[in-house]
Each structure stands twice: as C-alpha cells, then as structure tokens.
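Bear in mind these aren't lab numbers, they're just calculated from the coordinates by the rules spelled out. No experiment lies behind these values; they were computed from the predicted model shown. Quick reminder, even Gly has a Cβ in these numbers, built from the backbone with ideal geometry, and neighbours come from all protein chains shown.
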Amino acid sequence: MRLDARTIEDWLRTTDPAALAELWGRADAVRHEQVGDAVHLRGLVEMANHCQRRCAYCGLHRDRPLARYRLTPREVLNAARRVRTAGYGTLVLQAGEDPGLTCGLVAELVRKIKAETGLAVTLSLGERDDATYAAWREAGADRYLLRFETADRRLYAELHPGEPDGYRRRLGRLLALRQAGYEVGSGVMVGLPGQTWTSLAAALQMFADLDLDMIGLGPWIPTPETPLIGRVAELGAPDDEQVTADVETATRVLALARLLCPRTNIPATTALAVLDPERGYATALTRGANVIMPNLTPARYRDDYALYPGKGETWRENSGGEERLYAMLGDLGRVVATGPGHSPRYLERGGGLTQEEKTCCRP
Ligand code: SAH
C-alpha cells in the first residue's frame, strides 16, 4: 500500500482511540492475509560484544567498560545445534562490529553450520566491504540485518561522531547487501532524542522505497554510560515534535510498516519485551509482527551483550521462557511456523537477482 508522508505522520501522531483501533485492526488483517498466522522463531546467538564503533546510544560502545567476549567457533556451532533441536528454522548471528570476526572465520563457520544443521542463517555483524558480504553469501548466509537507525541524516551524524559520511555509507551497505543477493533487513529505533515525527514518517517511506525483506524496530532504551544519556536535553526536539520511546509508539510504526510492506517479515523485538515484559511480544504480534527471535546465546555471556539494560532478563529459558512463548502464541490463535521462513517479499521478487540477472539467467 502507498501512503503519503502526511498520512503516515497523522497516523503516528493521532490521539484518537478509534483511529488507533482502526490502525491495529488493519495491520493485523494485512498480516493475516499476506503472511498468515504462523510465527517464525529465529534463534538469536550474540556471538561477540567487541565493537570498534562509538554509536552514542549503544551499550557495546567501544569505550564503555564491559567484559568483552567472542564465542569460539565450537561454541557457535553448539548454539546452532541447540537452535536446530529447539525446532527453529533460522539461526541469527549478531555481534558488535568486531574485526576479530574475520571474513574467513565467519565464512568457514557459516559453511559448517549450513552443512551440519541446514538452518537458514541470518547475519547481523555490521558494516563490511563488498568482498566480505559476497564471501559470506557464497558460504551460504541467507539474510543480513543492518538498521539505518534514523532517517534523519543530521541526527545520524550526531549519534555517530567522527563519521561525517556515515549515513551515506550505511545506506550504501544496504544496497551492497541487496546486490550480493541477501534477504535484506533494516529498521530504526523509535524515540531517539532528536527524532521528529516527520523524520519517523520518512523512515517508514524508506522501508517501502528500499523494498525491505525484513523490518526491525524497537523503542530506544536509555543505556547508562553511553554518550547519548548526557545529551538528551541538547538533542531533544521540541515537545510536540519529539517522538516518544514507548511500546505504543513503536508498535504504531510496526503497524504502518506492515501496511506499507505487506509481505515482509517483521519481528516482535526484544526491546519491546524489555519495556513491557508481560505483553510486549503479544502486543507486537497483534499489530503486524510475524516473527520472534528467542535468545539462545550461552547464558554466561548474555549479560555482557549489554545493548541496553534489562535485555538479559527477557524470556530466559530457565524461567520457563519457551513454555510461556508457546502458551502465548496459542492464546493469540497463532501457530509456530515450520521451515526456514524466508521473506515472502524476497521470494516474490525473485531472490536477490537484479533485473538483468533475472532476464538472462532464468528459463
Ligand atoms: N553491530 C551490528 C548489530 C548492532 S546491535 C550493527 O551495527 O548492525 C542491533 C541493534 O540494536 C542496533 O542496530 C540498534 O538499532 C539497536 N540498539 C542499540 N542500542 C540500543 C538502545 N540503547 N536501545 C534500543 N535499541 C538499541
């Protein structure tokens, strides 16, 4: 569906409960018609918290005191086996931007995981060069997640100091991923200090323009000892312009993303469950989401992957997370998906092939 910027912004700002109820209803109906009632489970493994970047919002910021870890290939492989045993179709490997995760090391690991488990593999390892993206794809990686974080170039520069060309470079990486043939996921944080309703509407239009296969969204969560904490007042937009960082607002964005990109995969993200541990996932699933990413990082590293506070506590398996998850899906009338759960939008577009490739290589 096409929506103009003005209409999107009106939906984002409305305070009318009837209008909101309509938004939730429409998003849920489109989700049901276009991607069905099955919920894809992706096993998330946070493979390293080393990071060379200084993103102002992020708890992995390179100057932040943190016990740094990097899983060994054996530990990652064991985690992949647990994902397989849990019955999930996809393994998501995420990390800070860690130069220690070399092109060769990750390629080798992906090759082993694919050969042994047959899982779909999603990578979220930050910005890399074309050759690295190509090598990982060649090794069998299916998907890549790289959020553009905000549609506001000036705010992006404030949040990534010392990278004057950073925003253009990040968007360039998204195009490189598409060119390399990945299913491409991106998204933003909702409620970053300085993020306006107008720029959030622009971000939603970018989801449609980029024709994303996956869209990841969550509220910005203030993280102690990150530079952004001290700059909230300075960067913050005037009250009636500043986007709020809460579950309701983030799920408005999610619902609109579903309307704009009907056949894309959209997870109910961890950040939503951190702000609302009881209802966060369920709320997102009834407002357009069709994916959940349970955390299967080995328990002893989990607190160190400290993007934001409270993350380690959501749905730990040892507190009955798995059973609660299945019970919640049952209550919502949803079923657990089988198979790899590729993005319907990606399959329909003919994979990552460019127009030329499609016409010359297909029968
Ligand atoms: N290094 C990878 C993975 C980053 S972590 C990359 O750059 O893509 C994954 C996501 O966590 C980020 O893209 C960001 O959107 C989100 N994130 C980081 N800090 C956050 C915070 N304080 N609150 C909410 N989300 C945050």
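Counting every other Cβ atom within 10 Å of each residue's Cβ, 11, 136 order from fewest to most as 11, 136. Residue by residue, what Karplus-based ³J(HN,Hα) values in Hz, rounded to whole numbers, does the range 137-150 have, using 6.51, -1.76 and 1.60 with θ = phi - 60° and x for Gly and Pro? Karplus-based 3J(HN,Hα) across the range 137-150 equals 5, 4, 6, x, 4, 9, 9, 9, 10, 8, 6, 8, 6, 7 Hz.
Of all DSSP-defined beta bridges confined to the chain, some 5% are antiparallel rather than parallel. Return the FRET efficiency for the residue pair residue 38, residue 129: r is the Cβ-Cβ distance, R0 is 35 Å, and the value is rounded to the nearest 0.05. That pair, residue 38 with residue 129, gives E of 0.45. Computed from backbone phi with θ = phi - 60° and the Karplus coefficients 6.51, -1.76 and 1.60, the 3J(HN,Hα) list for the range 203-213 is 4, 4, 5, 5, 4, 5, 5, 7, 6, 5, 8 Hz; x is used for glycine and proline. I'd like the FRET efficiency for residue 105 and residue 313, computed as 1/(1 + (r/R0)^6) with the beta carbon distance as r and R0 of 30 Å, rounded to 0.05. After rounding, the FRET efficiency stands at 0.50.
With an a/c value of 1.5 or above and a/b larger than b/c for the gyration tensor axes a ≥ b ≥ c computed over the alpha-carbon atoms, the range 59-155 is described as prolate.
Using C-alpha pairs under 8 Å with a sequence gap of at least 6, the mean separation divided by the residue count of the range 202-264 gives a relative contact order of 57 percent.
Taking the Cα atoms of the range 29-75, the ratio Rg/Rh between the radius of gyration and the Kirkwood radius comes to 1.25. Once C-alpha pairs closer than 8 Å and six or more residues apart are averaged by separation and normalised to the residue number of the chain, the relative contact order reads 24 percent.
Taken along the Cα-to-beta-carbon direction at a fixed 7 Å, the label points for residue 241 and residue 116 span 5.3 nm.
Calculated FRET efficiency, residue 78 to residue 16, Cβ-Cβ distance, R0 = 41 Å: about 0.20 to the nearest 0.05. With the Kirkwood sum run over all distinct C-alpha pairs, the chain has a hydrodynamic radius of 20.6 Å.
Per DSSP H run of at least 4 residues, take -39500 (n - 2.57); add these up for the chain, divide by its residues and hand me the 222 nm value, nearest 500 deg cm²/dmol. Here the helix-only value at 222 nm equals -12500 deg cm²/dmol. For the pair the range 49-80 / the range 197-216, the C-alpha centres are spaced 28 Å from each other.
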